[in-house]
Amino acid sequence: MSNLVRGSLLLTVATFLSKFLGLIYLIPFNMLVGAEGATLYNIAYVPYNIMLSISTIGIPLAMSKTISKYNALGDYATGRRTFKHGTVLMFITGFIAFLILYLGADILAHWIITGDGSQGATVEDVILVIRAVSFALIIIPAMSIMRGFFQGHESMGPSAISTVTEQIVRIAFVLVSVFIVIVILKGTIATAVGFATFGAFVGAVGSWFVLLWYWKKRKPHLDRLLEEQAVNSELTTKDIFKEMLSYAGPFIIVGLATSLYQLVDLFTFERALVAAGNEEMYWTLGAINTLAHKIVIIPGTIATGLSLAILPALTRTFAQRNIKELHTQINQSLQIVLVLVIPAVIGIACLADVFYASLYGLDEIATTGTLLAWYAPVGLFFALFTVTASILQGINQQNFTVLSLMAGLLVKVLLNIQLIQWFGAKGIIFGTGLAVIIAVCINLFRIKRSVDFPFRQVTKRTILILIFGAIMALAIFVVKAILGMFISYETSRTGSIIVLLAGVSVGGGVYLWLAYTSTLLHHVFGDEIPFVDKLLRKLRK
């Protein structure tokens, strides 16, 4: 278990660092292109993310699972053949996805933009940014396969380092190109955002160089494994593809969820605002689905990575029909998410105004800060959906992830326009929140029915966490009130940063102290994550 946790934590740290960099770079990016550019950037990435998920069809994660299986059997040749065929498949599907998105950009643009562009982006602007980002689809699916190959060999370093490298290279290209276009060449925002979206291709190239370096370095060892193998399953190419696709299906569902919700927003937001007479608020789409979303998903990234560390063990336990141990593992998986994400989303909600102002500036702080505060709790349900979907995969109930996602998406489609007309920009937040909550409830219901899982302990711990979160929120409001008497954080970005750091420090400190003194942390993490237990023992001395 320690190797599993170590590898998962490595990937979690890399993912967190990647997400954090993706958040921080938006500060200068937003200063250069403004809310209009952020909205245009979001418009390009929603269809791109969907096409990326469809083009990979879950194969990279399925590759990891397949190679791990045959390595355990001592059949390294089948794993290598799976990697070869999977890479070819990903090149083909990636190129097809590129053609569809590039050639279909005109149709998408006319679906998304119904007006003359007087209140924001034009059809021509949308076509430009969608075509610019589409080039990344040529290489990213095949690159992801190589990450899955290394993960199947229980080597998480290449994936972790390539992920961070991809983000660094992409961000550097985005900021430099946007600065040149806007500041030096005095170009348009649409041109600048076009270069920014093309950064996805540039970042992927940088990541692939890292993976190819690891491949060259480790190929002699991998070749020795082939020479020493004693078993050969002699599967046909058809059998290999059949097995990969059987594993791949469930993995695509989790990745598509957020993008599908945002796609509904793209197609309904402007129409709903026009019908309600609030079309001047169209810029808030980017403020929510790009800028605020970058903040909201960070806590879930940490908690999800930690909780997923025990899921392979959960799969083995289910196969052995050890129900008692299975309940313990599901308990821990859910509680790790709750103990980390609940205080994080409460903190974001309480500090939403200064959080947004510190990162993106003081423009429209009253509106954007309020939107972030409403959006923050949805981050908890994003994390819970990811984890409950993974649990369903572990107990062989993966088909219900499709059902839960479709149910949530149906609610989003049916209610989104009405919610926007009733509540304005907050309507898309309410629609997404309601959709994700329904999906999570369906997943939890199926977990309960499938393995007779008792939620009593999870419920009790959740109540305790909420109580600690309420105390933490009170401490944050006290800090804001006291500092507000001396610092005008509503009109000063520096003041916002000071209040944000003070609020995070005090609020986080209060919550951790309560969680530690009540032994909540020890009961949730236990001995599964050794460094936590070691830290707690030191603190008790």
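If I take every Cα pair under 8 Å that is 6 or more residues apart in the range 368-449, average their sequence separation and divide by the length, what percent do I get for the relative contact order? Show your work: numbers first, answer last.
Working: 75 pairs, mean separation 33.4, N = 82.
Relative contact order for the range 368-449 comes out at 41 percent.
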Requested in this report: Assuming a ≥ b ≥ c are the square roots of the Cα gyration tensor eigenvalues, decide whether the range 148-191 counts as rounded (a/c under 1.5), prolate (otherwise, with a/b larger than b/c) or oblate.
Outcome: prolate
Report task. At 1.4 Å probe size, with no ligands or nucleic acids counted, give the accessible surface of residue 271 in Å², nearest ten. Result -> 100 Å²
Query raised in the report: Looking at this model, which pairs from 19/84; 294/412; 460/480; 19/412 are more than 23 angstrom apart at the alpha-carbon?
Result: 19/84; 460/480; 19/412
Query raised in the report: Taking a probe of 1.4 angstrom, what is the accessible area of residue 209 in Å², to the nearest 10?
Result: 140 Å²
Query raised in the report: What is the distance, in nm, between label points placed 7 Å from the Cα along the Cα-to-Cβ direction at residue 462 and at residue 414?
Result: 2.3 nm
Query - Heavy-atom SASA rank of 409, 326 (probe 1.4 Å, accessible area, largest first) - result: 409, 326
Report summary line: Carbon/sulfur accessible area of the range 384-441, % of total, 1.4 Å probe, equals 70 percent
Query raised in the report: Among 422, 208, what's the order by accessible area (1.4 angstrom probe), most exposed first?
Result: 422, 208
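How much FRET efficiency would the formula 1/(1 + (r/R0)^6) give for residue 474 and residue 236, where r is the Cβ-Cβ distance and R0 is 56 Å, rounded to 0.05?
0.30
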Query raised in the report: Given a Förster radius of 35 Å and the C-beta distance between residue 483 and residue 20 as r, what FRET efficiency does 1/(1 + (r/R0)^6) yield to the nearest 0.05?
Result: 0.90
Report summary line: Each label sits 7 Å from Cα toward the beta-carbon; between residue 99 and residue 491 the label points are separated, in nm, by 6.0 nm
Requested in this report: On a C-alpha basis, how far is the centre of the range 419-456 from the centre of the range 146-201 in Å? Whole number, if you could?
Outcome: 33 Å
Query - Model label zone, residue 441; criterion: amide N under 15 Å from point 7 Å along Cα-to-beta-carbon; scope the range 369-390 - result: 381, 385
**Report entry** Separation in nanometres of the label points that stand 7 Å from Cα toward Cβ, at residue 188 and residue 226
**Finding:** 5.1 nm
Report summary line: When every protein chain stays in place and a 1.4 Å probe is rolled, 448, 480 sorted by accessible area with the largest first are 448, 480
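The values are calculated or read from the model by the stated rules, or taken from the named source; none is laboratory data. These numbers were taken from a predicted model, which means no experiment stands behind them. Cβ atoms come from the backbone with ideal geometry, glycine included; neighbour counts cover every protein chain shown. With ligands, DNA and RNA removed, areas are computed over all heavy atoms of the protein, side chains included. Shrake-Rupley method; radii C 1.70, N 1.55, O 1.52, S 1.80 Å.
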